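Dropping a structure here in structure tokens format, bear with me for questions.
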Amino acid sequence: MSAIFDAIKHDEETLLCRSYSRYPLAIVRGKGARLWDADGKEYIDLLAGIAVTALGHANDEITETIARQAATLTHVSNLFYQQAQLKLARLLEGTAHFTKAFFCNSGAEANEACIKLARRYMAKVRQNQACDIITLEGCFHGRTYGSLAATGRPSLQDGFHPFPAGFRQVPANDLDALRAAVDDRTAAVMLEVVQGEGGIKPLDAAYLRGVEALCRERGVLLIVDEVQSGLCRTGTFWAFQNFGITPDIISTAKSLANGLPMGAMLTTDEVARGFVAGSHATTFGGGELVAATAAKTVEIMLRDHLAERAATLGAQLKTQLEALAARVPGQIREVRGLGLMLGIELTSPGKDVWLELISRGFICNLSHEVTLRLLPPLTIAQADLNAFVHTLEDILREKAARG
Ligand SMILES: *Cc1c(COP(=O)(O)O)cnc(C)c1O
């Protein structure tokens, strides 16, 4: 590592709380699907800030929108009527069956809103005792107390007890287990149709349709967490649309404002009756700067048909990776995912492969030690994806040769 990098690393260890384990990179600039580090080295970005900069880094139209809005009005608070929120709500509601939106600042907060709405709808509209939220093993819903209780992963909860009550978990893709868990205290089932942090694991289509039918039959709400999978990434605007289900509430965030902090909850008129003025609020949520930027982001996604682009590029990339798995036997266990949300599960721990990709100029994520997780900008060039496949092949061949 360079002296510049060492100095940055040293300052960070002195100045910041230790809550992140960082990649050995200090990024200073980006454009499209390219990033540059503090030493001027160039990378192809297959991670997009964890599915955030879907339109690429320093997108000209987004930069222009941020600059213009910042010079006009950045924030007045939710005490006032704000038109950027309305423009964004219209765009988002046009993508599916939703008719009501609530804006916030992050994925975890969007999930908090989902959980609070589900509980309050049961308590105040249906006037019953249902308050439990059932989630699936392997899920990730965030790091706040409610969303982390929903996540239920002991390694993330360690040292933070007690957690709020009313959360339980069942194995994914097991409809009998869910059927046995649902009772008259169940308010909602909450799931990701493609588990993201869990290692890019799409749920079975038949299971998802079964979950929806069970929820309808038992009067339980279905919440889908689209924080990572939403906004064109999986080849449809929302990932649930790949499976023909209609959730009552969804959360979204990551790429909503192409890098500005922004989250949203979308729901129906019926379920939205669970909130009245004063039920839930956030100071920053849907402020003019982020809402105008999000509206521009969604406008571009729709105008440029980025869902279709993700479907086409993703299917090609998946085929290329499966062919690579066959050409270099014994290295890749499985290629999973939908659209440009793909996981390459290796047959052995992949830290060496991941670090070598970085040193050859490709940035992706390593999930659960064995899965290379790809969440590139939806605007990435086909040539960049091809270059990644070639480089990965070289690295896996060298690893196979070492034995
Ligand atoms: C990232 C993520 C979250 C949490 O979002 P934050 O903005 O980090 O709070 C929640 N759910 C899913 C599926 C995610 O991928």
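Would you mind finding the one in E93, E109 that is away from the ligand (no atom under 16 Å from the Cβ), among the acidic types (D, E) and either more than 16 Å from V290 (Cβ to Cβ) or touching a residue at least 60 places away in the same chain (Cβ under 8 Å) (or both)? Talk me through it step by step, then tell me what you get.
On the way: E109 fails: away from the ligand (no atom under 16 Å from the Cβ).
Exactly one residue qualifies, and that residue is E93.
Given (1) touching a helix residue (DSSP H, G or I) at 6+ places or on another chain (Cβ under 6 Å); (2) away from the ligand (no atom under 16 Å from the Cβ), identify the lone condition not met by A58.
(1) is the only condition that A58 fails.
With the checklist (1) over 25 Å from G343 (Cα atoms); (2) out of contact with any Cys (no Cβ under 8 Å at 6 or more places or on another chain); (3) not small (G, A, S) in hand, flag the one item T236 doesn't pass.
Just one mismatch for T236, condition (1).
Which of (1) closer than 24 Å to W238 by Cβ; (2) part of a strand (DSSP E or B) is the odd one out, the single condition G314 does not satisfy?
For G314, the failing item is (2).
Here's something else I'd like to know. From the list L178, L148, L214, which one is away from the ligand (no atom under 15 Å from the Cβ) and either acidic (D, E) or surrounded by 19 or more Cβ atoms within 10 Å (Cβ to Cβ) (or both)?
Checking each option against the conditions leaves just L178.
Go through (1) closer than 30 Å to G403 by Cα; (2) away from the ligand (no atom under 16 Å from the Cβ) and name the single condition R336 misses.
Exception for R336: condition (2).
When L306 is evaluated against the numbered criteria (1) crowded, with 19+ Cβ neighbours inside 10 Å; (2) within 15 Å of the ligand (Cβ to nearest atom), which criterion, by number, is the only one it fails?
Result: L306 fails condition (2) only.
Can you find a residue that is within 30 Å of V335 (Cα to Cα), surrounded by 19 or more Cβ atoms within 10 Å (Cβ to Cβ), of a type in the set (V, I, T) and modelled with pLDDT of 95 or more anywhere in the range 115-126? Before the answer, list the steps.
To start, the set of residues in the range 115-126 that are within 30 Å of V335 (Cα to Cα) comprises none.
No, the range 115-126 contains no residue that is within 30 Å of V335 (Cα to Cα), surrounded by 19 or more Cβ atoms within 10 Å (Cβ to Cβ), of a type in the set (V, I, T) and modelled with pLDDT of 95 or more.
Among the residues of the range 37-61, write down those that are in contact with a Phe, Trp or Tyr (Cβ under 6 Å, 6 or more places away or on another chain) and exposed (fewer than 15 other Cβ atoms within 10 Å of the Cβ).
The answer is E42, and nothing else.
Just checking, how many residues over the range 137-188 are among the aliphatic types (A, V, I, L, M) and under 20 Å from the mean Cα position of the chain (by Cα)? Can you show your working first?
Within the range 137-188, the subset among the aliphatic types (A, V, I, L, M) is 148-150, 156, 165, 170, 172, 175, 177-178, 180-182, 187-188.
With the extra rule that they be under 20 Å from the mean Cα position of the chain (by Cα), the set shrinks to 148-150, 156, 172.
Of the residues in the range 137-188, 5 are among the aliphatic types (A, V, I, L, M) and under 20 Å from the mean Cα position of the chain (by Cα).
Restricting attention to the range 334-372, which residues are buried (at least 22 other Cβ atoms within 10 Å of the Cβ) and among the hydroxyl-bearing types (S, T, Y)?
The one that is buried (at least 22 other Cβ atoms within 10 Å of the Cβ) and among the hydroxyl-bearing types (S, T, Y): T371.
Given the range 1-107, what helices (runs of 4 or more DSSP H) lie entirely inside it while holding 3 or more residues that are among the polar types (S, T, N, Q) and more than 30 Å from I245 (Cα to Cα)?
Details: elements: 3-15, 48-51, 60-70, 83-93.
Fully inside the range 1-107 and qualifying: 60-70.
Being in a helix (DSSP H, G or I), buried (at least 24 other Cβ atoms within 10 Å of the Cβ), more than 16 Å from the ligand (Cβ to nearest atom) and modelled with pLDDT of 95 or more: is that true of A292 here? Can you show your working first?
Numbers: in a helix (DSSP H, G or I): yes; buried (at least 24 other Cβ atoms within 10 Å of the Cβ): yes; more than 16 Å from the ligand (Cβ to nearest atom): yes; modelled with pLDDT of 95 or more: yes.
Judged against the criteria, A292 is a match.
For residues in the range 5-33 being touching an Asp or Glu at 6+ places or on another chain (Cβ under 6 Å) and not small (G, A, S), which is surrounded by the most Cβ atoms within 10 Å (Cβ to Cβ)?
L25
Return the pairs, sorted by first residue and then second, in which the second residue is part of a helix (DSSP H, G or I), the first residue lies in the range 29-51 and is farther than 16 Å from N365 by Cα, the beta carbons are less than 8 Å apart, and the residues are 6+ apart or on different chains.
If the second residue must be part of a helix (DSSP H, G or I), the pairs left are D37/F5; A38/I4; A38/F5; A38/I8; D39/I4; D39/F5.
Moving on to the next point. Output the residue which, of all residues in the range 71-99 that are within 20 Å of V189 (Cβ to Cβ) and surrounded by fewer than 21 Cβ atoms within 10 Å (Cβ to Cβ), is nearest to the chain's Cα centre (by Cα). Before you say what the answer is, go through the steps one by one.
Initial filter on the range 71-99 (within 20 Å of V189 (Cβ to Cβ)): 96-98.
From the residues that got through so far, the ones that are surrounded by fewer than 21 Cβ atoms within 10 Å (Cβ to Cβ) too are 96-97.
Numbers: A96: 18, H97: 21 Å.
In this case the residue turns out to be A96.
Can you work out which of the residues in the range 227-272 that are polar (S, T, N, Q) and in contact with an Asp or Glu (Cβ under 8 Å, 6 or more places away or on another chain) is surrounded by the most Cβ atoms within 10 Å (Cβ to Cβ)?
Going residue by residue through the range 227-272, those that are polar (S, T, N, Q) are 228-229, 234, 236, 241-242, 246, 251-252, 255, 258, 267-268.
Filter once more, keeping what is in contact with an Asp or Glu (Cβ under 8 Å, 6 or more places away or on another chain): 228-229, 246, 251-252, 267-268.
On the way: Q228: 26, S229: 31, T246: 14, S251: 33, T252: 25, T267: 28, T268: 16.
That would be S251.
How many residues are of a type in the set (D, E, K, R), touching a helix residue (DSSP H, G or I) at 6+ places or on another chain (Cβ under 6 Å) and more than 16 Å from the ligand (Cβ to nearest atom) when one looks only at the range 219-271?
Adding up the residues that qualify gives 1.
The values are calculated or read from the model by the stated rules, or taken from the named source; none is laboratory data. These numbers come from a predicted model, not from an experiment. Positions of Cβ are generated from backbone atoms using ideal geometry, with glycine treated the same way; all protein chains shown enter the neighbour counts.
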